[in-house]
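J.: I have a structure here, written as structure tokens, and I will follow up with some questions on it.
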Amino acid sequence: MFELLKTDSTSKARLGRLTTPHGLVDTPVFMSVGTQGSVKALDPRELREMGTQIILGNAYHLNIRPGMDIIRQAGGLHRFINWPHPILTDSGGFQVFSLAKIRKVKEHGVEFRSHLDGSLLFIGPKESMEIQRVLGSDIAMVFDDCPPHTATAREVRAAVDRTIRWAAECREQPRAPGQMVFGIVQGGSHAALREECAKALTALKFDGYAIGGVSVGEPEPEMLQAVECTTPFLPADQPRYAMGLGTPAQMVELVARGVDMFDCVLPTRVARNGTAYTRDGAIGVKGGAYKRDWGPIEKGCECFACQRFTRAYLRHLLNVNEILGLRMLSVHNSHMFLKTMTDIRAHLEAGTFGEFRREFIARFVPSRRVLAARKGSQVAPDETR
């Protein structure tokens, strides 16, 4: 299912190919996020034109709306959303973290209050895998317990134990034809727990492995170290997926650390606030500096937005709340993330990834938030024993 084609001589970066029931996926890959069956502001034609190979859906949200009865009648998620290419579905485990105020973690799963109407719901390993079987995704994720960055060592220890136990239960559940299942490594910033969790999950022999519990509020150096603490204990011949990451520069650095797959809501989320990603970093297109700027969002970019519209026009659209503005920034940002991965694969193939990495990181200016988080931040000592 996964073929390792080439490794980089200057880092741990890998070039690979993943075979799924709905097509091939070249790695490293960025997966566009379509939580509720749609990548926000973009249609399937646009996604394919910009090189999207695989998208994500979320079991928790799709189970609430439209519900599995509708998905069954439609013939699965691919047919329902008219996307004939690969789909990965998140298990709903992240909602254990993100909906902390309306849920209770129990022995065999999580009891939720619906974020829509407050009705009582329950999702555990069996329920999550059944939802994903009905969805018919190419890759299903195990149901895990993702602790917050602020969790105590005891709480992280408990989350790891639950994650391992729930993964074993997920492993035994029925799957859709050809459906792969990935394990998810938890452990917060604790290297020993990350190692323990990774070893326990690899012993269960999943089809791939994700690094979870990152991008949950921790500073960037902690995130990078959590990945570094995990990848050495994952099989070299199977795909590695960093969940919920990251900025273009972070993805370049994580590829260098041996990660093959990424997803992130940033391209379309920040677009809705008027922010565009470029090779030089993020820019706020709403700003007055672009009122008479007749150039594209990014010089040399081949996306539809940059080929057709100026910064001045897009700024106008954003400031008068015209939908076309946020759509075009979503097009540009998504194209930029995907182009970054295309360039990474090309440089890995050519053996020039090390040079590409140095030039990319030197050029990309991090946001003020990332810069502030880097100053003086230290990884928490391991206190799990």
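The values are calculated or read from the model by the stated rules, or taken from the named source; none is laboratory data. This is a predicted model, so every value here is computed, not measured. Glycine gets a Cβ as well: all are built from the backbone with ideal geometry, and neighbour counts include every protein chain shown. Note: areas computed on protein heavy atoms with side chains; ligands, DNA, RNA excluded. Shrake-Rupley method; radii C 1.70, N 1.55, O 1.52, S 1.80 Å.
J.: If we scan the range 96-109, do we find a residue that is within 17 Å of P174 (Cα to Cα), modelled with pLDDT under 95 and open to solvent by less than 50 Å² (accessible area, probe 1.4 Å)? Lay out the reasoning, then the answer.
T.: Here is the first cut: in the range 96-109, the ones within 17 Å of P174 (Cα to Cα) are none.
No, that holds for no residue.
J.: Right, here's the next one. Which of the residues spanning the range 287-299 are open to solvent by 70 Å² or more (accessible area, probe 1.4 Å) and assigned to a loop (DSSP other than H, G, I, E, B)?
T.: Our first condition is that a residue be open to solvent by 70 Å² or more (accessible area, probe 1.4 Å); within the range 287-299, this holds for 289, 291-292, 294, 299.
K291, R292, W294, K299, listed by residue number.
J.: Of the numbered conditions (1) surrounded by 22 or more Cβ atoms within 10 Å (Cβ to Cβ); (2) in contact with a Phe, Trp or Tyr (Cβ under 9 Å, 6 or more places away or on another chain); (3) not charged (D, E, K, R), A346 fails exactly one; give the number of that condition.
T.: The single condition A346 does not satisfy is (1).
J.: Are any residues in the range 233-277 surrounded by fewer than 21 Cβ atoms within 10 Å (Cβ to Cβ) and part of a strand (DSSP E or B), and if so, which ones?
T.: The one that is surrounded by fewer than 21 Cβ atoms within 10 Å (Cβ to Cβ) and part of a strand (DSSP E or B): T275.
J.: Still on this structure, I have one more. If you scan the range 117-150, which residues turn out to be farther than 27 Å from M31 by Cα and more than 22 Å from the chain's Cα centre (by Cα)? Talk me through it step by step, then tell me what you get.
T.: The first filter runs over the range 117-150 and keeps only residues farther than 27 Å from M31 by Cα, leaving 117-122, 150.
Passing the criteria: D117, G118, S119, L120, L121, F122.
J.: Which count do you get for residues in the range 203-222 that are assigned to a helix (DSSP H, G or I) and open to solvent by 20 Å² or more (accessible area, probe 1.4 Å)? Don't jump to the end; show me each part of the working.
T.: Let us first name the residues in the range 203-222 that are assigned to a helix (DSSP H, G or I), namely 203, 220-222.
Right, trim to open to solvent by 20 Å² or more (accessible area, probe 1.4 Å) and you get 203, 220-221.
Qualifying residue count for the region: 3.
J.: What's the total number of residues in the range 251-277 that are within 12 Å of the chain's Cα centre (by Cα) and not aliphatic (A, V, I, L, M)?
T.: We begin by selecting, within the range 251-277, every residue within 12 Å of the chain's Cα centre (by Cα); these are 251, 259-267.
Add one more test, that the residue is not aliphatic (A, V, I, L, M), and what stays is 260, 262-264, 267.
Number satisfying all stated conditions: 5.
J.: Which of the residues belonging to the range 311-364 are part of a helix (DSSP H, G or I) and either at positive phi or touching a Cys at 6+ places or on another chain (Cβ under 6 Å) (or both)?
T.: Restricting attention to the range 311-364, the residues satisfying the condition of being part of a helix (DSSP H, G or I) are 311-319, 323-350, 353-363.
Correct list: V331, H332, H335.
J.: If we only count strands (runs of 3 or more DSSP E) wholly inside the range 1-53, which ones have 2 or more residues that are touching a Phe, Trp or Tyr at 6+ places or on another chain (Cβ under 9 Å)?
T.: Details: elements: 2-7, 14-20, 23-27, 29-33.
Strands (runs of 3 or more DSSP E) meeting the threshold: 14-20, 29-33.
J.: While we're here: Out of everything in the range 67-96 that is part of a loop (DSSP other than H, G, I, E, B) and touching a helix residue (DSSP H, G or I) at 6+ places or on another chain (Cβ under 8 Å), what residue ends up being farthest from G212 (Cα to Cα)? Please lay out each step first, then the result.
T.: As a first pass, look at the range 67-96 and keep what is part of a loop (DSSP other than H, G, I, E, B): 67, 75-76, 82-86, 91-93.
With the extra rule that they be touching a helix residue (DSSP H, G or I) at 6+ places or on another chain (Cβ under 8 Å), the set shrinks to 76, 82-85, 91-93.
Values: G76: 26, N82: 29, W83: 26, P84: 27, H85: 25, S91: 12, G92: 13, G93: 10 Å.
Among residues in the range 67-96 that are part of a loop (DSSP other than H, G, I, E, B) and touching a helix residue (DSSP H, G or I) at 6+ places or on another chain (Cβ under 8 Å), the one farthest from G212 (Cα to Cα) is N82.
J.: Between L254, L245, which is at pLDDT below 95, touching a strand residue (DSSP E or B) at 6+ places or on another chain (Cβ under 6 Å) and of a type outside the set (G, A, S)? Explain how you work it out, then say what you get.
T.: Details: L254 fails: at pLDDT below 95.
Matching residue, one of L254, L245: L245.
J.: Is the range 141-156 home to any residue that is open to solvent by less than 10 Å² (accessible area, probe 1.4 Å), aliphatic (A, V, I, L, M) and in a loop (DSSP other than H, G, I, E, B)?
T.: yes
J.: Name the pairs whose Cβ atoms lie under 9 Å apart, with the first residue in the range 69-80 and under 14 Å from G34 (Cβ atoms), the second open to solvent by 100 Å² or more (accessible area, probe 1.4 Å) and among the aromatic types (F, W, Y), and 6 or more positions between them or separate chains?
T.: none
J.: What's the number of the only condition in (1) among the hydrophobic types (A, V, I, L, M, F, W, C); (2) surrounded by fewer than 19 Cβ atoms within 10 Å (Cβ to Cβ); (3) within 17 Å of the chain's Cα centre (by Cα) that I70 fails to meet?
T.: With respect to (1) among the hydrophobic types (A, V, I, L, M, F, W, C); (2) surrounded by fewer than 19 Cβ atoms within 10 Å (Cβ to Cβ); (3) within 17 Å of the chain's Cα centre (by Cα), I70 is out only on (3).
J.: Could you give every pair whose Cβ atoms fall below 8 Å, whose first residue belongs to the range 182-202 and is open to solvent by less than 20 Å² (accessible area, probe 1.4 Å), and whose second residue is part of a helix (DSSP H, G or I) and acidic (D, E), counting only separations of at least 6 or pairs across chains?
T.: Pairs found: G187/E195; G187/E196.
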